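Here is the structure we will look at, set down as structure tokens.
The values are calculated or read from the model by the stated rules, or taken from the named source; none is laboratory data. Owing to the predicted nature of the structure, the values given are computational and were not obtained by experimental measurement. So basically every Cβ, Gly included, is an ideal-geometry build from the backbone, and we count neighbours across all protein chains shown. Side chains included, ligands, DNA and RNA excluded: accessible areas come from the protein's heavy atoms. Shrake-Rupley method; radii C 1.70, N 1.55, O 1.52, S 1.80 Å.
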Amino acid sequence: MTTKLSPSDLERNRLGYANEDTLEVFAIDTLVSTDWRTLIIEYLKHPWLNTDRKSKYRAFSYILMGNELFKKTPEGILLKCLGKNVAYLEISSVHSGTCGAHQAGHKMKWVLFRYGMYWPTMLKDCIEFAKGCEECQIHAGIQHAHASELHAIIKP
């Protein structure tokens, strides 16, 4: 678990440094360059920059509030857009967390929508997570194949 400190926290706590003149605070950008949200956020922040048509068209259904990106649904509901790492954590908490019921992929996607979360590959990620759950594989129903006659292969 990580703790986020603001510059005011550093001033208040002093963190036990002997020489405060050498104290440096670095701001780390949490967006990875391969994050799906990067192009949309850049366009919403700077719409006058040269951007391809597809990104401009996609950006119409998104809103930038502070540093958070939200997707507008046709009903007008805002869904928080998540990156890959946070999305995986949310899937695991919905599937096998405290209130998780080890549901299938479609049900997990619906629950995540109800919680107000979104990312483009939601359904695919939920289905893959449910298929890879070891407990679900152990307790799943046994698939029965129809009985069929064995055909021996004669070796020449």
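Per residue, how much space in cubic angstrom lies within the convex hull of the C-alpha atoms of region 64-156?
Taking the convex hull of the Cα positions in region 64-156, it is 193 Å³ per residue.
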Accessible area (Å², 1.4 Å probe, nearest 10) - Thr98: 150 Å²
At R0 = 22 Å, FRET efficiency that the Cβ-Cβ distance of Met65 and Trp110 yields, to 0.05: 0.35
Largest-first ordering by accessible area, 1.4 Å probe, given options Trp48, Trp110: Trp48, Trp110
Accessible area in square angstrom per residue, region 44-156, 1.4 angstrom probe: 80 Å²
Computed Rg/Rh of region 28-111, alpha carbon atoms with Kirkwood Rh: 1.04
By accessible area with a 1.4 Å probe, ligands and nucleic acids excluded, highest first: order of His46, His144: His144, His46
Solvent-accessible ranking of Met122, Met65, largest area first, probe 1.4 Å: Met65, Met122
Unit charges at the beta carbon, dipole of region 90-141: most positive-side option, Cys136, Val94, Leu112: Leu112
Carbon and sulfur %, accessible surface of region 56-156 computed with the full protein complex present, 1.4 Å: 58 percent
